[in-house]
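Take a look at the structure below.
Bear in mind that the values in this text are calculations on the coordinates, not laboratory data. Keep in mind it's a predicted model, so treat the numbers as computed, not measured. Reconstructed Cβ throughout: ideal geometry from the backbone, glycine too, with neighbour counts over all protein chains shown.
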């Protein structure tokens, strides 16, 4: 049980840091706590939405999670991203319509949509 609590705490802390970074970049961003949905964070800027599935440690998004994230993003007219925590920051991947993970530089969030 302690490991589950530690993983939850790690994920929660990463979500808070990621939301803070998005807000710093001028986005309106919120966690979706306890949703158990396809995304952990939703953000918007200039009418363009983004959905983010975040992972910490060795966890990676599954094919099923990728498909669900892409489906929800398509329904919402949003951009879907998988984001992995790493020391000192994060790695971000765009989920393509073909369900491929395409690396995106984190600074791309600073660009206008």
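Structure data summary
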| quantity | calculated |
| --- | --- |
| The chain, Cα convex hull volume normalised per residue, Å³ | 103 |
| Beta bridge orientation in the chain: antiparallel %, DSSP, nearest 5 | 75 |
| Equivalent ellipsoid semi-axes, region 28-86, via Cα gyration tensor eigenvalues times 5, rooted, Å | 18, 13, 10 |
| Candidates 58, 15, 91, ranked by Gaussian network fluctuation over the chain, Cα under 10 Å, top entry | 58 |
| Difference of contour (0.36 nm per residue) and Cα-Cα distance, residue 94 to residue 67 | 8.5 nm |
| GNM result for the chain, Cα springs below 10 Å: residue of 60, 70, 87 fluctuating most strongly | 87 |
| Residues 62, 56 arranged by fewest to most Cβ contacts within 10 Å | 62, 56 |
